[in-house]
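Trainee: Below is a structure I'd like to ask you about.
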Amino acid sequence: MLKIVIITMFGIYLSASDISSSLVEQQINESFITKFEYGKMLYNNPRGISCAKCHGSNGKGMIISTFKHKTKEFIYTCKIETKDITKISFEKFSAKLEQDNLAMEKIKFQKHQVCEKMIYGNTMPKYFLTKNEQDSIYYYITHVKEQQ
Ligand code: HEC
């Protein structure tokens, strides 16, 4: 008899903890969707021109345009393109968005990298996004493929 009571109690305990853990999971999922959706919205429609226009719909990069640049000796065909921004650290991501020259990594261009030097830092607009907004966009682009 006691055995049955214990087993029953154990059963109740198990199902109760199952329910509560599934509730927690649901809550995590809901906040995941919220943050993901919020990041998606900001990525496509920040205060300013859409990131997706220059970085592609999921941040994997794209060719934006090409132009010709003439110097005395040469004519360069320059390609304005973006690289994958889904694999960089949040620090690097945030520094770029704030155009924080001290936090941004200094790139030394070679003499022949005429196009790269012109494009770097001169194409991407400045944004005024809070850390929380930056974090949501970062979250979106680093999780977007899991949703597709
Ligand atoms: C008008 C085009 C344009 C728009 C709009 C734009 N970017 Fe960029 N972005 C670029 C270009 C071009 C580069 C590469 C050259 C450079 O770093 O200046 C770049 C670089 C970056 C980098 C640095 C990548 C690295 O590896 O260092 C990040 C991060 C970034 N963009 C995020 C964003 C986010 C987030 C948005 C929207 C809030 C956005 N960009 C909007 C053109 C754009």
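Trainee: State which residue is modelled with the lowest pLDDT when the search covers only the stretch 33-76 and only residues that are more than 12 Å from the chain's Cα centre (by Cα) and of a type in the set (S, T, N, Q).
Mentor: 34
Trainee: Taking only the stretch 68-101 into account, find how many residues are outside any loop (DSSP other than H, G, I, E, B) and not basic (Lys, Arg).
Mentor: Total meeting the criteria: 13.
Trainee: Taking only the stretch 102-120 into account, find how many residues are near the ligand (Cβ under 8 Å from one of its atoms), outside any loop (DSSP other than H, G, I, E, B) and farther than 17 Å from residue 54 by Cα.
Mentor: Looking only at that region, the number is 0.
Trainee: Counting only residues that are among the β-branched types (Val, Ile, Thr) and within 10 Å of the chain's Cα centre (by Cα), which one in the stretch 77-93 is farthest from residue 64 (Cα to Cα)?
Mentor: 88
Trainee: Search the stretch 79-103 for residues that are touching a residue at least 40 places away in the same chain (Cβ under 8 Å) and pair each with any residue that is surrounded by fewer than 17 Cβ atoms within 10 Å (Cβ to Cβ) and β-branched (Val, Ile, Thr) when their beta-carbon atoms are under 8 Å apart and the residues are at least 6 apart or on different chains.
Mentor: What qualifies is 80/63; 80/64; 80/66; 80/123.
Trainee: Still on this structure, please answer the following. Could you tell me which of the residues 123, 130 is closer than 19 Å to residue 36 by Cα and either more than 10 Å from the ligand (Cβ to nearest atom) or over 15 Å from the mean Cα position of the chain (by Cα) (or both)?
Mentor: 130
The values are calculated or read from the model by the stated rules, or taken from the named source; none is laboratory data. Only a predicted model underlies this, so the values are computations on that prediction, with no experimental measurement involved. Virtual Cβ from ideal backbone geometry, glycine too; neighbours counted across all protein chains shown.
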